[in-house]
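Below is one structure, written out as structure tokens; the observations come after it.
The values are calculated or read from the model by the stated rules, or taken from the named source; none is laboratory data. A quick note: this is a predicted structure, and the numbers were derived from the prediction, not measured. Quick note on the areas: whole protein, heavy atoms, side chains included, nothing else; ligands and nucleic acids left out. Shrake-Rupley method; radii C 1.70, N 1.55, O 1.52, S 1.80 Å.
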Amino acid sequence: MEQSEVHSDDPVRFSKPRLAAMLGISVRTVERWMSKGIIPFFKVGGVVMFDPQRVLASLERFEVRAKNRF
């Protein structure tokens, strides 16, 4: 498939280095999170790819909300 055939509604997939850069973490941390089941990923033919929206959604469960002290 040529680049011109990719539609804007096609899902975006990130590699480990690209996801690490987006999150501001190391590739090793991405690999650790994968092995612990913290972030979802796809593996097709030995290639690991991530849907950034699904990764961000999965990380939301670790959000710590500030307590209102007023």
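List the lysines whose alpha-carbon lies under 20 Å from that of Lys16, not counting same-chain residues fewer than 8 positions away?
Candidates past the 8-residue exclusion: Lys36, Lys43.
Could you look at the range 7-70 and say what percent of its accessible area is carbon and sulfur, using a 1.4 Å probe and all protein chains?
About 54 percent, which is the carbon plus sulfur part of the accessible surface.
Given the DSSP H assignment, sum -39500 (n - 2.57) over each helix run of at least 4 residues in the chain and divide by its residue total; what's the result at 222 nm in deg cm²/dmol, nearest 500?
-10500 deg cm²/dmol
No solvent, one uniform scatterer per C-alpha: report log10 I(q)/I(0) for the chain via the Debye equation at q = 0.22 1/Å, two decimals.
Log10 of I(q)/I(0), two decimals: -1.01.
Send over a whole-number figure in Å² for the accessible area per residue of the chain, probe 1.4 Å.
I get 82 Å² per residue for this part.
Once you have the Cα-Cα distance between Val44 and Phe70, take 0.36 nm times their residue separation minus that, and quote the gain in nm to one decimal.
Extra length from Val44 to Phe70 when fully extended: 4.3 nm.
Got a sec to turn the phi values of the range 37-44 into Karplus ³J(HN,Hα) couplings, 6.51 cos²θ - 1.76 cosθ + 1.60 with θ = phi - 60°, whole Hz, x for Gly and Pro?
x, 6, 10, x, 8, 10, 10, 10
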